[in-house]
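The next block holds one structure in the form of structure tokens; read it before the comments.
A short reminder: the numbers here are calculations on the coordinates, not readings from a lab. Since this is a predicted model, take the numbers as computed values, not measurements. Here the Cβ positions follow ideal geometry from the backbone for every residue, glycine too, while neighbour counts run over all protein chains shown.
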Amino acid sequence: MMIFLGAVTLAATLDTAHAALARAIDGDPDYGACSAAQRQTAAAEADIRTLGQINGRNVVLAGVHASCVCGNVNCPWHVLRLDPGKARVLFSTYAFQMDAIGTEKPLPKLRAQAHDSALVTDEATVAYQDGRYVTIETARVRGDTGARKPNDVPVRFAYGASSARLKGSVSLGWYDEYALAAAKGQRLMIDGIASQKKLSLTLFVPNSAQVVDVAPGVPVTLGSSGTFRLHVENGSEAGAPYALTLTIRN
């Protein structure tokens, strides 16, 4: 009871946005490692920026920077609509930086930058649609050259074809990622590889933590339906071009 009263007392001393954030994160499982006092302090010290209004209600971007919830670099960010007596969370993510971009109405697009590795920053662009923020684009950005690669590049088959030729340039940690819709029972195969470096081919199964290593020329029977992601990488620090043929058959 004393902890609850302490939270209420602190919330009463905060401005509307910080108090709303305190209530929003109080039961958030991502803050499970934070004590009640740490959650209160995290809310009180959060970076709050106004984004605009929805139906007369202010919408803010809140950046939380507390050691009990942040990773080595990335911390929680929340978009909150300040409804009377509470806050509706429109979006949450982890990033080291998040900013408004553009001038869309009623709310601007946002760009989140998250640390992936010493080489790569993950970048996500989100937009307000149908009452909430949704991710509309993701990409990876190299810190040394500024080069960008989109995630989930769709595999496009010509009409009536079951194979597609994929081309790019990859290195260790700087992979290409392709997305393809397929059905349970279909067989996926990679062959026709042209590359001076040995490629690593990894298939990520939709809605699962399952990962499948794909061997060239060996069909993989898919155990589920959905959008699969194929990572193409090599073990060299230097980038090398490649080409390969991806085939999906019943």
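Equivalent ellipsoid of the stretch 152-249: semi-axes from √(5λ) of the C-alpha gyration tensor, largest first, are 21, 15, 12 Å. Over all directions, the projected convex hull of the C-alpha atoms in the stretch 52-132 averages 5.9 nm² in area. Taking every alpha-carbon pair under 8 Å whose residues sit at least 6 apart, the chain reaches a relative contact order of 12 percent.
Within the listed set 147, 42, 124, the residue fluctuating most in the Gaussian network model of the chain (springs between alpha-carbon atoms under 10 angstrom) is 147. Classify the stretch 2-142: rounded, prolate or oblate, from the alpha-carbon gyration tensor (a ≥ b ≥ c, eigenvalue square roots; a/c under 1.5 rounded; otherwise prolate if a/b is larger than b/c)? Oblate, since a/c reaches 1.5 and b/c is not below a/b.
Springs between Cα atoms under 10 Å define the GNM used for the chain, and in it the highest mean-square fluctuation of 79, 212, 170 occurs at 212.
Partner lysines whose Cα lies under 23 Å from the Cα of residue 198, excluding those fewer than 8 positions away in the same chain, are identified as 149, 167. Around the Cα centre of the stretch 2-142, unit charges on the Cβ atoms of Lys, Arg, Asp and Glu (plus for the first two, minus for the last two) sum to a dipole of about 280 debye. Since only 25, 139, 219 are under comparison, the one whose Cα sits farthest along the positive direction of the charge dipole of the chain, derived from C-beta charges on Lys, Arg, Asp and Glu, is 219. Taking the helices alone, the chain has a mean residue ellipticity at 222 nm of -4000 deg cm²/dmol, built from -39,500 (n - 2.57) per DSSP H run of at least 4 residues and averaged over all its residues.
Structure remark: mean-square fluctuation, Gaussian network model of the chain, C-alpha springs under 10 Å; the largest value among 208, 117, 163 belongs to 208. Building the convex hull from the alpha-carbon atoms of the chain and averaging its projection over directions returns 16.7 nm².
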